[in-house]
Amino acid sequence: MGITTFDLGDRIAYIFYPADPARLNEGTKVTSYSSGDAFPPALRAAIPKELVQEVPINATKDAPVATDGPFPVLIHSHGFGGYPQYASQHLIQVASWGFVAAAPDHIERDLAANSLGKVVRGEQDVEDLRNVLKRLEKENSSGIFKGALNLDQVGAEGHSAGGGAAGKFAYDPAVKTFIGQAPVPPLSLASGATAADRSAAYAATPPPNKPTMIIAGEVDLTIPLAGVKQEFEWLAPPKRLAVLAKAGHNAFTDICEPIRAQGGLMQYSGKLPAPDNLLKLGEDGCTNDNLDTATGYAIINQLTIAQLRFVFGIDKTDASLSADYLNSMYPGVLAEYTYVS
């Protein structure tokens, strides 16, 4: 698979795509990345080694795009305190099925902004997603992806706060389906909004009128399942809700496996210059009593790719999204599965 980056002015976007297998030698082989890449270069040396994970990937940077397109597009929004690179394993897998996936950095709420106390609230993240789509349109017209993108088939996906951004982006006519990973509501809510405020906002806001999928963690401490179900009830059909047994909030990111392997992050509370809220967020779903990370990654990829293929008409039936099929492939992993046609 290929990886490249777009310069979007004061921020970048990571792009994952099917590469031409005959021309991989024109790119640079990439076998891993460091979670410390989320910080500006001047700060990386100061990050405690306990908070830096090495994440394996298999891709080629800047290889020419494959010639058997055009390829549908998925635009991904990372979570609060996250970074777009932390979805690399997932988006490489999506790309391996014939999609181009793009993930911008939301510098107002990424890991660096949180660590440095520079978070800015607002909806710039939604504009980031639109700006990535505009850049893809330009590259499809006369750039490195010339003629390689099917921009009539665009999906929006997001994790946590990114789920809220992707849900708002889903109102754009270009977006044909929305996939939320433990998403916050795609509503404009003031800081400190109550449950009653959210209920009122849902009642006053029509949902995006397109197919949706929500994937949630059964034991998510950051975005509790009850809140995710409230959003699912509000969404328009056709819609699917998959609840992963024993999965927590960070089960959707690449760094969950290395965090779990080192025994979680809260063991470093008070010992490192990192706020407890970030440590708790980082290990939510990534300890030994949670869903096995490899199994979690596998079913998340399965659900995502199957949803995209069915909505875009690549698969003529939704058999690979059926409860029977999913339970046969991943026994005991689905705590709940709901489809509303």
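Summary table below
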item	result
Filtered residues of the range 168-206 (kept if over 19 Å from GLN124 (Cα atoms), in contact (Cβ under 8 Å) with a residue 12 or more places away in the chain and open to solvent by less than 40 Å² (accessible area, probe 1.4 Å))	THR177, ILE179, GLN181, ALA182, ALA201, TYR202
Helices (runs of 4 or more DSSP H) contained in the range 92-174 and holding at least 1 residues more than 19 Å from PRO207 (Cβ to Cβ) and among the β-branched types (Val, Ile, Thr)	124-142
Selected residue [within 20 Å of the chain's Cα centre (by Cα) and crowded, with 24+ Cβ neighbours inside 10 Å] from GLU123, GLU157	GLU157
Residue list for the range 214-266, filter: assigned to a loop (DSSP other than H, G, I, E, B), among the β-branched types (Val, Ile, Thr) and more than 20 Å from ALA156 (Cβ to Cβ)	VAL219, THR222, ILE255
Failed item, numbered, when LYS49 is tested on (1) under 22 Å from TYR268 (Cβ atoms); (2) surrounded by 13 or more Cβ atoms within 10 Å (Cβ to Cβ)	(2)
Which listed residue, of GLY69, GLY82, is more than 18 Å from GLU108 (Cα to Cα), assigned to a loop (DSSP other than H, G, I, E, B) and not aromatic (Phe, Trp, Tyr)	GLY69
Selection status of SER328, in contact (Cβ under 8 Å) with a residue 24 or more places away in the chain and more than 22 Å from the chain's Cα centre (by Cα)	no
Residue within the range 6-13 that is within 30 Å of ARG309 (Cα to Cα) and free of Cβ contacts under 8 Å to residues at least 40 places away in the same chain present	yes
Output for the range 237-278, where each listed residue is hydroxyl-bearing (Ser, Thr, Tyr) and surrounded by fewer than 16 Cβ atoms within 10 Å (Cβ to Cβ)	SER269
Of residues in the range 19-46 being open to solvent by less than 80 Å² (accessible area, probe 1.4 Å), within 24 Å of ALA101 (Cα to Cα) and in a helix (DSSP H, G or I), the one modelled with the highest pLDDT	LEU24
Residue that is surrounded by the most Cβ atoms within 10 Å (Cβ to Cβ) [pool: residues in the range 279-302 that are touching a His at 6+ places or on another chain (Cβ under 9 Å) and part of a helix (DSSP H, G or I)]	LEU281
Residue check for ALA38: of a type in the set (Gly, Ala, Ser) and in contact (Cβ under 8 Å) with a residue 24 or more places away in the chain	yes
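This table checks each residue for (1) within 19 Å of the chain's Cα centre (by Cα); (2) farther than 23 Å from ILE57 by Cβ.
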residue	(1), (2)
TRP97	yes, no
ARG130	yes, yes
LYS138	no, yes
ALA148	no, no
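The values are calculated or read from the model by the stated rules, or taken from the named source; none is laboratory data. Every value quoted in this text rests on a predicted model; they were computed, and no experiment measured them. As a convention, Cβ positions derive from the backbone with ideal geometry for all residues, glycine included, and neighbour counts pool all protein chains shown. In case anyone asks, the SASA skips ligands and DNA or RNA and just uses the protein heavy atoms, side chains included. Shrake-Rupley method; radii C 1.70, N 1.55, O 1.52, S 1.80 Å.
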